[in-house]
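Visitor: Provided herewith is a single structure, encoded as structure tokens, for subsequent inquiry.
Where a number appears in this text, it was derived from the coordinates with a stated rule and is not lab data. Bear in mind the structure is a predicted one, so any value in this text is a computation, not a measurement. So basically every Cβ, Gly included, is an ideal-geometry build from the backbone, and we count neighbours across all protein chains shown.
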């Protein structure tokens, strides 16, 4: 993770963006970070992607595709 990705993920988590039900909007996270909503969304997407790829890759790649998922 880059420093900014980690900062965005930690901020989003602290505010409740990943909670169910969600307690903070993307706009709230963006406001706390002082950046645009689109920049925040990109940081969160890329950060989550890095974390997912750091998991056991072969297990993830051998998982069956979800019906209707692009492929």
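Visitor: Under a point spin-label approximation (7 Å from Cα along Cα-to-Cβ), what is the residue 14-residue 52 distance to one decimal in nm?
Guide: The modelled label-to-label distance comes out at 2.6 nm.
Visitor: Averaging sequence separations of C-alpha pairs under 8 Å and six or more residues apart, then dividing by the length of segment 3-54, give the relative contact order as a whole percent. The partial results should precede the final answer.
Guide: Working: 43 pairs, mean separation 18.6, N = 52.
In percent, rounded to a whole number, it is 36.
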